[in-house]
1. Only residues that are open to solvent by less than 10 Å² (accessible area, probe 1.4 Å) and over 27 Å from ILE91 (Cα atoms): list them for segment 121-179, please.
2. If a residue has to be open to solvent by less than 60 Å² (accessible area, probe 1.4 Å) and either touching a Cys at 6+ places or on another chain (Cβ under 8 Å) or over 19 Å from ALA18 (Cβ atoms) (or both) to count, how many in segment 220-239 make the cut?
3. Scanning for something of a type outside the set (D, E, K, R), open to solvent by 10 Å² or more (accessible area, probe 1.4 Å) and under 26 Å from CYS155 (Cβ atoms), does segment 25-40 turn up at least one residue?
4. List, please: which pairs have Cβ atoms under 9 Å, are six or more places apart or on different chains, and start with a residue in segment 86-106 that is at pLDDT 95 or above and of a type in the set (D, E, K, R) and end with one that is open to solvent by less than 10 Å² (accessible area, probe 1.4 Å) and not in a helix (DSSP H, G or I)?
5. Among the candidates LEU217, LEU249, LEU208, single out the residue that is open to solvent by 20 Å² or more (accessible area, probe 1.4 Å), under 28 Å from ALA145 (Cβ atoms) and not aromatic (Phe, Trp, Tyr).
6. Checking SER16 against (1) over 24 Å from ASN169 (Cα atoms); (2) crowded, with 24+ Cβ neighbours inside 10 Å; (3) small (Gly, Ala, Ser), which test does it fail?
Amino acid sequence: MRRVVFNQKGGVGKSSIAANLAALSAAKGYKTLLVDLDVQGNSSHYLGYDINKESKTTVADLLNQSVGWFSVSTPINEFPQSTDFCNLDIIPASPRLEKIESELERRYKIYKLRDALDSLEKTYDRIYLDTPPNLNFFSKAALIAAHKLLIPFDCDSFSQQALLTLLNNVAELREDHNPDLEVEGVIVNMFNAQANFPSKIIADLQDLELPILKPYLPQSIKMKESHYHQKPLVHLYPTHKLTNHFERLYGTLEKDNVELTESEYE
């Protein structure tokens, strides 16, 4: 199963969601891989990887070896790097992603990531893809390579418009490149249950019959602390409310028959 976490709007918690869902998957006993396609490398940093160190096994190297006559081919299974967390590997980002994007696009290597993950699927039970906050070559490659799409969403009117634009773009990409891609749902992040406006925005989305996943993820300083310590919530704060919400969200995705009371939506 491959899930891509994507939104064209920045600041919605995309990397935090991708890394924490991947960490939960690994903690549940699934051999899990996180692929970081964002040049900023936030999810790589979150899992303890320095994207500025010299390496030949980043996602940039994986994609770049398909470019040029004299590139050396490294076996696909050498790219995943172990993390400090059991069952959780990563193919980290690299600053070089920005430099190679135009060449990859010019040579139409948009399916190379999908082909690589097809090979790795025998090794991993779950694969999560973190993406840039725009519809560029790398996010398109991830959408083509994935089976399911998760869309992080923060509750403001700009996010609502960006979400509708994103869904139109995904529909076009699905028609042209990946007809099996399923929009699994919208993840409401940084939800403030004390304010009326977020609930109104969510109600508007529900009126459009969009798949809003529950529970909503609340705002919490614990997420920033988790980033600072480079430890996903399930390892740093296993009993915290935010961790519990992530666990219930994960259970919803994995169809674990999680029953939610109305108060647990928030």
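1. Correct list: SER159, LEU163.
2. Total meeting the criteria: 0.
3. The initial filter retains those residues of segment 25-40 that are of a type outside the set (D, E, K, R), namely 25-27, 29-30, 32-35, 37, 39-40.
Narrowing further to those that are open to solvent by 10 Å² or more (accessible area, probe 1.4 Å): 27, 29-30, 39-40.
Cutting the leftovers down to under 26 Å from CYS155 (Cβ atoms) gives us 40.
Within segment 25-40, one or more residues are of a type outside the set (D, E, K, R), open to solvent by 10 Å² or more (accessible area, probe 1.4 Å) and under 26 Å from CYS155 (Cβ atoms).
4. ASP89/THR32; ASP89/LEU33; ASP89/LEU34
5. Details: LEU217 fails: open to solvent by 20 Å² or more (accessible area, probe 1.4 Å); LEU249 fails: open to solvent by 20 Å² or more (accessible area, probe 1.4 Å).
Within the list LEU217, LEU249, LEU208, the selection yields LEU208.
6. In the conditions (1) over 24 Å from ASN169 (Cα atoms); (2) crowded, with 24+ Cβ neighbours inside 10 Å; (3) small (Gly, Ala, Ser), SER16 misses (1) alone.
The values are calculated or read from the model by the stated rules, or taken from the named source; none is laboratory data. Everything quoted here is computed from the prediction, not taken from an experiment. Heads up, the Cβs are rebuilt from the backbone with ideal geometry, glycines too, and the neighbour counts pull from every protein chain shown. Surface accessibility is based on the protein's heavy atoms, side chains included, excluding ligands, DNA and RNA. Shrake-Rupley method; radii C 1.70, N 1.55, O 1.52, S 1.80 Å.
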